[in-house]
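The next block holds one structure in the form of structure tokens; read it before the comments.
The values are calculated or read from the model by the stated rules, or taken from the named source; none is laboratory data. Small disclaimer: the values here were computed from a predicted structure and weren't measured. So basically every Cβ, Gly included, is an ideal-geometry build from the backbone, and we count neighbours across all protein chains shown.
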Amino acid sequence: MDTDDLLETLEDAGLSPYQASAYVTVLELGASPATDVAKASAVPDPRIYDVLRDLEAAGYIETYDQGSLHARAHSPSDVLSDLRSRANRFETAAEEIEARWQRPAMDEHNVSIVKRFETVLARADELIRSANSQVQVGATPAEYDALSDALETAVDNGVDVRLCLFPETDETPTVPDTDDLAVTCTEARIRTIPSPFLALIDRSWTCFAPHRESANEYGVLVDDRAHAYVFNWYFLTCLWEVHETIYSDRSTEPPMTFVDIRRCIRELEPLLEHGATAQVRVTGFATETGQSRTIEGTITDLTYGGVNTASPEPTPLSGLSGKASLTVDTDDGPVTVGGWGAMLETLEATEIVVESID
């Protein structure tokens, strides 16, 4: 490294240009009068004494009186240690900058890991009360009791609430009275083995906590549609489709409301195959723009990866996945409608109301 590079590096390490020049000069001259240091460096004569005292205060040199002010460099061990420490900090800072640049941005999402289950339950209570369209909950009877007021508020607000109850232990969970379920959910099912707590709100928020008997107590709160979509499949396959219905206020005659397109298709498919015509109103948002949209018309086509619900055999879990969509003939032409997470269709439906079946 030449002198210019050394001076620049010392300035990067915090020395002023005059201090860097004086220090390098003292290293080269050895013990020298201040006036000689001034002559051999870029420091003006009137400034040399202040510059040398500043270097002494910083531990780079020491001054002494020998008829006039002299200066000599300290053992460089302290200076070298400081420079190496600065170098390590720069390297660490470079690595941190690289890591933060590569790290996914969190400003579009809200992810929290909490230590206490009560925090998850409290947040679920708040979100359920403010829900706009749908809520899915998997809970023990005690957790259901804690959320019952919030669930009642959601039902009063016209929100579709699906509830799965399961026990804290291997015992069959206590089933609430039908009158209680009527004001706290749209439909309820029962699972006979323990499960983690789960609440999904408006296809966006996920509140999750492992079973109370698990080794670690923690909770996850996520405001992200992709995470909610994954947990929705856990809810459907583990907490819903294969379990007994213990309460439902769903109408079997029009108008019938669905928030799950697969369920809508499975119930309409046998009717349409026998020549029926279904008039629907679909509310959702355009998949390209995200703008809210409502359409009305006649269903002209169904696409479903499962099996025909007219079959006496129950639908296998594998039949729940795959493409599920319907085509609605509107006054403005045909519109393809998909469900949660739709990408190929024109509209992602949040609610499908079957207004009539002829």
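Key figures for this structure:
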| quantity | calculated |
| --- | --- |
| Every residue from region 229-249 that is at pLDDT below 90 and either surrounded by 17 or more Cβ atoms within 10 Å (Cβ to Cβ) or in the same structural domain as Val328 (by TED's automatic domain parsing) (or both) | Glu241 |
| Candidate set from region 259-317 (those that are of a type in the set (Gly, Ala, Ser) and under 38 Å from the mean Cα position of the chain (by Cα)); member that is modelled with the lowest pLDDT | Gly306 |
| Val26 being more than 30 Å from Glu91 (Cα to Cα), in the same structural domain as Asp82 (by TED's automatic domain parsing) and of a type in the set (Val, Ile, Thr) | no |
| Filter result for Ile201 (in the same structural domain as Glu143 (by TED's automatic domain parsing) and either free of Cβ contacts under 8 Å to residues at least 12 places away in the same chain or within 19 Å of Glu152 (Cβ to Cβ) (or both)) | yes |
| Any hit, region 240-250, residues being touching a residue at least 60 places away in the same chain (Cβ under 8 Å), among the aliphatic types (A, V, I, L, M) and farther than 22 Å from Pro334 by Cα | yes |
